[in-house]
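**Q** Got a structure for you, written out below as structure tokens; questions coming shortly.
The values are calculated or read from the model by the stated rules, or taken from the named source; none is laboratory data. As the structure is a prediction and not an experimental result, all values here were calculated from the model. No Cβ is skipped: glycine too gets one built from the backbone with ideal geometry, and neighbour counts run over all protein chains shown. Only protein heavy atoms, including side chains, enter the accessible area calculation; ligands, DNA and RNA are left aside. Shrake-Rupley method; radii C 1.70, N 1.55, O 1.52, S 1.80 Å.
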Amino acid sequence: MSQLIKLGRDGDVAIITIDNPPVNALSPGVPEGIRSSIEAVAKDPLVRAVVVIGAGSTFIAGADIHEFGKMTSGEKPFGTLLPFLLAIEDSPKPVVMAIHGQALGGGLETAMAGHYRVLAPSAQVGQPEVKLGIIPGAGGTQRLPRLAGVAKAVEMCAFGEPIKAQEALSLGIADRIIEGDLLAGAVALAREAADRHAPKTRDRNEKLADPDPAIFAAARDRVRRTWRGQPAPLAAIEAVEASTRISFEDGCRFEAKLFGECLVSPQSKALIHAFFGERTVNKIPDIPKSTPVYEIRRAAVIGAGTMGGGIAMNYANAGIPVIVKEATQDALDRGIAIIRKNYANSVQKGRFSQAYMDERMALITPQLSYDGFEQADIVVEAVFEGMALKKKIFAEIDAIAKPSCILASNTSTLDIDEIASATKRPQMVIGHHFFSPANVMRLMEVVRGKATGKDVIATSMALAKRFKKVAVLAGNCRGFIGNRMLGPYGREAQFLLEEGASVEDVNQTIYDFGFAMGPLAVFDLAGLDVGWRIRKEFKHLERPGVRVPLISDRLCELGRFGQKTGRGYSRYDENRKPLPDPETAPLIEQIAREAGIERRVIGKEEIIDRCVFALVNEGARLLGEGIALRAVDIDIVYLYGYGFPAWRGGPMFYADTFGLDRVLARVREFEARHGSDFWSPAPLLEQLAKAGRTFASYDRVQ
Ligand code: CAA
């Protein structure tokens, strides 16, 4: 008997416990162990029924994702879970699946192979495989419609969102919800069922009859809008649709074929990279898990602008009382009104109740003074990007805050060490760089100054988890990881305009590559004046005779700050829909003429390579300098903060897939044409390309 599976007994009910921490994935030994227990139980005359339950925090989180690489390399065959699930379903003694935590992917598929399912009230079930670029591969697309009906199965398999216990019960996925002792409830049902005919999910065909074809058409339409560039969700719909036309066995064969095709796709490799990357970024080599953290019970935010308001919402949403301080009553009222409007919109969309909104609003205390700051465990500064102002504020809060209070800056570019120098506690100073809108975007860059304490970093990473955000640790440099890379990306987007591409060419090509938005559309959204202000701050660093992008500043001089003024690179209608601006092209031509830049026809490949390899080359530099801990940290910053397509895995993963030798060759071509000021290859890129290596291999050695 495998150590991963324990077989026990409660009178006449056998209890099979899966014990494969941390999440009871179906790793080698788990399915085999369950199967041999089921077979042993079938022969045991003392046993009349069976309960399968998970030890620890969850039932089964699915197939072991680490194993997929072995399948794509041919080391391990696909489809080994199917016969294991048939063996459960064919058990002559009824099997009750007792689910707490999650039953996801192969976990739900295992549960559906049982004859009955009982759920803890907080349990969730789902088929999230599409998020990994695959589809359910162990009969999920065939058994789920038989239990939940075709429409819900399409939705769950194609969009991957889990559902809660109550919904699972009403759909017929669960038979009972057990308040209190789950195992006792499952054993009780097993005993009741012992002498009954055990229903096999695969034989329950009633819900498959006459599905409305509109279900599939509507789902395909939604997939094309929301999962651009990804084949798996369409494959999931196809597989569920097949369940309504062909037998269970043929349906499983069809599902297995589509599963295999998805698993070997580049999209799946990239999404699996992102899945593990999201978890890797939390691991900081010199900060062990045991590092003590400060308790954060009260917070204060300085600045009630777009960022400050969004940051305060994170604290309120995490149940932490937060003071929001502004300099003037007007600004304070405006900021609080926006927070209220954001919450009200969510209530209107049904995301949460009015009571939830009222509780969150009650946690937010707007004020003009520093009253109560002495009790705060963390103060977050979120004012304009100006060093002098930030230093003034840090000196003020240093004088008021208790010694154990963390002082965080939401700066997106400025030197954390210089900010810390305004205080007597540089070890308590850290960057918490949120992304706009801060209550929505999942990325938080945590910026480590040279004196920042390890406990302050550990607290920040833990705080991000409370905010349900993904935190990435960055070293201190201008722009940290995300915005430092954005510099060359934005520069190339503007240079391409000066050299002959149109605003629409650049935006559309980058959008078609898979980014959420084109670069110039992003700048219009963020506000061109933000960059303008930062560039003025760093004007002294400009090198004489070195080309600088000219268009953004010219647009700002004309009062065209982007969406907020209705015009920037594009024009915006009252619904903020971008429209080509007839005045932009002549303006760009004039700027190019004045600067003596020769204009030409620029193709899509050049637009992509110049924008994306500008990111990669700067990313390689950040990695070489140790600003980013690993290439995957850079990928996660770009996936969660900058709209890089998840199915391409992030800029560094994309470069690995493209081939670093080919990336280097392209960078050298651009260097020859546009000069070393912009395109000298990062030493690490050269080194890895020369050695035939990848960024991923560099991460493994670190
Ligand atoms: N396989 C392997 N490892 C897994 C895993 C899986 N299915 N699910 C989670 N893990 C690992 C994580 O990588 C992490 O490892 P480290 O501690 O080494 O970083 C650890 O388990 C804990 O995971 P989380 O940090 O995510 O823990 P959490 O409590 O925040 O979330 C969870 C738990 C909701 C189950 C979440 O881990 C999750 O969503 N997991 C993936 C679920 C999934 O996609 N299942 C489908 C798999 S594919 C499949 O099943 C195909 C099929 O049809 C057969």
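**Q** How high is the FRET efficiency between K450 and K257 when r is their beta carbon distance and R₀ equals 51 Å, given to the nearest 0.05?
**A** 0.40
**Q** Among DSSP bridges having both ends in segment 1-116, what percentage is antiparallel? Round to the nearest 5.
**A** About 30 percent, rounded to the nearest 5.
**Q** What FRET efficiency, computed as 1/(1 + (r/R0)^6) with R0 = 35 Å and r the Cβ-Cβ distance, is obtained for R224 and A672, rounded to the nearest 0.05?
**A** Once the sixth-power term is evaluated, E becomes 0.30.
**Q** Would you mind classifying segment 398-535 by shape? Square roots of the alpha carbon gyration tensor eigenvalues, ordered a ≥ b ≥ c; an a/c under 1.5 is rounded, otherwise it is prolate if a/b is larger than b/c and oblate if not.
**A** Verdict is prolate for segment 398-535.
**Q** Let me ask something else about it. Which net charge results for the neighbourhood of A592, defined as the other residues with beta-carbon distances under 10 angstrom from its beta-carbon, given Lys and Arg at +1 and Asp and Glu at -1?
**A** Summing Lys/Arg as +1 and Asp/Glu as -1 gives -3.
**Q** Now, a different point. For a distance above 25 Å, tell me the whole-number percent of Cα pairs in segment 72-204 that qualify.
**A** Tail fraction, whole percent: 23.
**Q** Could you give the radius of gyration (one decimal) and Dmax (whole number) of the Cα atoms in segment 462-602, in Å?
**A** 16.4, 53
**Q** What number comes out for accessible area per residue over the chain if the probe is 1.4 Å? Units Å², please.
**A** Computed with neighbouring chains in place, this is 42 Å² per residue.
**Q** Quick one: Cα centre-to-centre distance for segment 460-521 and segment 640-702, in angstrom?
**A** Cα centroid to Cα centroid, the span is 16 Å.
**Q** Taking the Cβ of G29 as the centre, find all other residues whose Cβ is under 13 Å away and add up their charges (Lys, Arg: +1; Asp, Glu: -1).
**A** Residues near G29 contribute -2 overall.
**Q** Also, I was wondering about something else. Give me the percent of accessible area attributable to carbon and sulfur for the chain, probe 1.4 angstrom.
**A** So the carbon and sulfur contribution to the accessible surface is 55 percent.
**Q** Counting only helical runs of four or more DSSP H residues, what would the 222 nm mean residue ellipticity of the chain come to if each run contributes -39,500 (n - 2.57) and the total is spread over all its residues?
**A** -15000 deg cm²/dmol
**Q** Next up: Please report, in whole Å, how far the alpha carbons of segment 164-277 spread along each principal axis, starting with the longest.
**A** Principal extents (largest minus smallest coordinate, Cα): 49, 40, 25 Å.
**Q** Continuing with the same structure: Report the convex hull volume per residue for segment 599-702, counting only C-alpha atoms, in Å³.
**A** Once divided by residue count, the hull of segment 599-702 is 106 Å³.
**Q** What angle do you read, to the nearest 10 degrees and between 0 and 90, between the alpha-carbon axis of helix 660-674 and the longest principal axis of the chain?
**A** 20
**Q** A follow-up question, please. Report the far tail of the P(r) of segment 366-477, meaning the percent of Cα-Cα pairs longer than 17 Å.
**A** For segment 366-477, the share of Cα pairs beyond 17 Å comes to 50 percent.
**Q** What is the Cα centroid distance between segment 361-377 and segment 39-107, reported in whole angstrom?
**A** Each part reduced to its Cα centre gives a spacing of 51 Å.
**Q** Measuring from the lowest to the highest alpha carbon on each principal axis, how far does the chain reach, largest first, in angstroms?
**A** Result, largest extent first: 88, 60, 51 Å.
**Q** So what is the diffusion coefficient of segment 233-321 in µm² per second by Stokes-Einstein at 25 °C and 0.890 mPa s, using a Kirkwood Rh over Cα pairs?
**A** For these conditions, the coefficient is 135 µm²/s.
**Q** Let me ask another. For all pairs of alpha-carbon atoms in segment 363-411, what percent lies in each bin of width 10 Å, listed from the first bin to the last filled one?
**A** 24, 57, 18, 0
**Q** Exceeding 20 Å between C-alpha atoms, which entries from my cross-link table qualify? They are K289/K468; K6/K164; K325/K468; K43/K93; K152/K468; K325/K390.
**A** K6/K164; K325/K468; K152/K468
**Q** Return one number: the angle in degrees, 0 to 90 and rounded to the nearest 10, between the long axis of the Cα atoms of helix 454-466 and the longest principal axis of the Cα atoms of the chain.
**A** Tilt of helix 454-466: around 60 degrees.
**Q** Need one number: nm distance between label points at K6 and S680, each 7 Å from Cα along Cα→Cβ, rounded to one decimal.
**A** Reported label-point gap for K6 and S680 is 6.2 nm.
**Q** A further question on this structure: Under Stokes-Einstein, with the Kirkwood radius over Cα pairs standing in for Rh, what whole-number D in µm²/s applies to segment 40-93 at 4 °C and 1.567 mPa s?
**A** D, rounded to a whole number, is 93 µm²/s.
**Q** Give me the net charge for the shell around D699: Cβ to Cβ below 14 angstrom, other residues only, Lys and Arg +1, Asp and Glu -1.
**A** Local charge sum for D699: +2.
**Q** Could you tell me which GluC sites (Glu not before Pro) in segment 61-92 are loop residues by DSSP with no more than 13 other beta carbons within 10 angstrom of their beta carbon?
**A** When the GluC sites (Glu not before Pro) of segment 61-92 are filtered for loop state and at most 13 Cβ neighbours within 10 Å, E75 remain.
**Q** Expressed as a whole number of Å, what is the distance separating the alpha-carbon centroids of segment 256-316 and segment 192-215?
**A** A separation of 39 Å, based on Cα centres.
**Q** Just grab the label-to-label distance for K465 and V546, each label 7 Å out from Cα along the Cβ direction, in nm (one decimal).
**A** Between K465 and V546, the label points sit 4.1 nm apart.
**Q** Which angle from 0 to 90°, rounded to the nearest 10, does the C-alpha axis of helix 584-595 make with the longest principal axis of the chain?
**A** Around 50 degrees separate the two axes.
**Q** Taking just the alpha carbons, could you work out the radius of gyration and Dmax for segment 312-415, both in angstroms?
**A** Radius of gyration, then largest Cα-Cα span, for segment 312-415: 14.9, 44 Å.
**Q** Taking every DSSP beta bridge that has both residues in the chain, what percent is antiparallel when rounded to the nearest 5?
**A** Within the chain, antiparallel bridges account for around 30 percent of the total.
**Q** E161 to D195: FRET efficiency via 1/(1 + (r/R0)^6), r the Cβ-Cβ distance, R0 30 Å, to the nearest 0.05?
**A** 0.20
**Q** How long are the semi-axes of the ellipsoid equivalent to segment 545-643, from square roots of 5 times the Cα gyration tensor eigenvalues, in whole Å, largest first?
**A** Equivalent ellipsoid of segment 545-643: 30, 20, 14 Å, largest first.
**Q** Pull up the cross-link candidates among the aspartates and glutamates for K283, meaning alpha carbon to alpha carbon under 12 Å and not fewer than 8 places away within one chain.
**A** Correct list for K283: D633.
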